[in-house]
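The values are calculated or read from the model by the stated rules, or taken from the named source; none is laboratory data. Everything numeric in this text was worked out from a predicted model, so none of it was measured. Don't worry about glycine lacking a Cβ; one is built from the backbone with ideal geometry, like all the others, and counts go over all protein chains shown.
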Amino acid sequence: MWMGSNPPNSRAFGSHQLAYILVSLEQIITQKDLPGVQQPPSKTLIMPIFAHDFNLYYIRRLLDASWLINGMEFNVATTGSSIKFDLWRQSSAVDEGNEKDYRVTGTYVANSLSQHRDASGLIPPNKGPGESLFLDMPYPDFKKFVLKHIDEACVQEPLLTTVRDLFAQMYAKGQIMSDATQEGVASIQLFSVPGILIMFSLLTVGCLVGRCQGFKSRTHEQSDADDGSDEM
């Protein structure tokens, strides 16, 4: 699963899901109907999304997050685990529509190994599942981070329209495509160029070694043939 949730796969299969989460939070703040989400605007939204454990790995990779539950391996997505995003508003905030007054936290929730083994209940008086806080940032920073790391080509309409609108609101006119292109190209160059150079180097070394081995083999064969002719 670690190899399957590499950055390219995570952008391809996790971008739409993370965009849906972002737009859902945006809709809570603005209280406006936004294209691409099924639920209406609500100030007290509780929205469960049921998915495979691979989806947790995709989200973790896109957010560059790390978590740890007692008794579990580092960054593992166990059976029955979940990711919880909470939107918090400052108690002193006056304008409910001001995104600067909001904060986002992300928590990984999972049973411990002993709770799995004993099939114990998770409500009082039993101990609840383990929690690991992996994200805590102002909402504007969270929105910018998500928009920067998802791949628009992997977000479907009508959600894509909302994602582009959020992106346009964040960047000045004329800077949108140039800024996004520079970030994307830099990432591609960072990962692709060293790989190409390594492959080219290995291929060159392999050809040289093969050529040397072939030359040595022909030299030995010629030497044996010369020795045979001398004996005759």
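Here are the numbers for this structure:
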quantity	calculated
Candidate set from the stretch 157-182 (those that are acidic (Asp, Glu) and surrounded by 14 or more Cβ atoms within 10 Å (Cβ to Cβ)); member that is modelled with the lowest pLDDT	Asp179
Filtered residue count, the stretch 23-40, keeping only those that are among the hydroxyl-bearing types (Ser, Thr, Tyr) and without any contact (Cβ under 8 Å) to a residue 60 or more places away in the chain	1
Candidates Ile69, Ile123, filtered to the one that is over 25 Å from Ile28 (Cα atoms), in contact (Cβ under 8 Å) with a residue 40 or more places away in the chain and not hydroxyl-bearing (Ser, Thr, Tyr)	Ile69
Selection from the stretch 72-120 of residues that are in contact (Cβ under 8 Å) with a residue 60 or more places away in the chain, under 17 Å from Pro48 (Cβ atoms) and small (Gly, Ala, Ser)	Ala77
Helices (runs of 4 or more DSSP H) contained in the stretch 41-150 and holding at least 2 residues assigned by TED's automatic domain parsing to the domain that holds Asp165 and modelled with pLDDT under 80	113-118
Given (1) surrounded by 12 or more Cβ atoms within 10 Å (Cβ to Cβ); (2) more than 19 Å from Ile150 (Cα to Cα), index of the condition Phe74 fails	(1)
Pick from the stretch 111-134, criterion closer than 13 Å to Leu68 by Cα and of a type in the set (A, V, I, L, M), ranking: farthest from the chain's Cα centre (by Cα)	Leu113
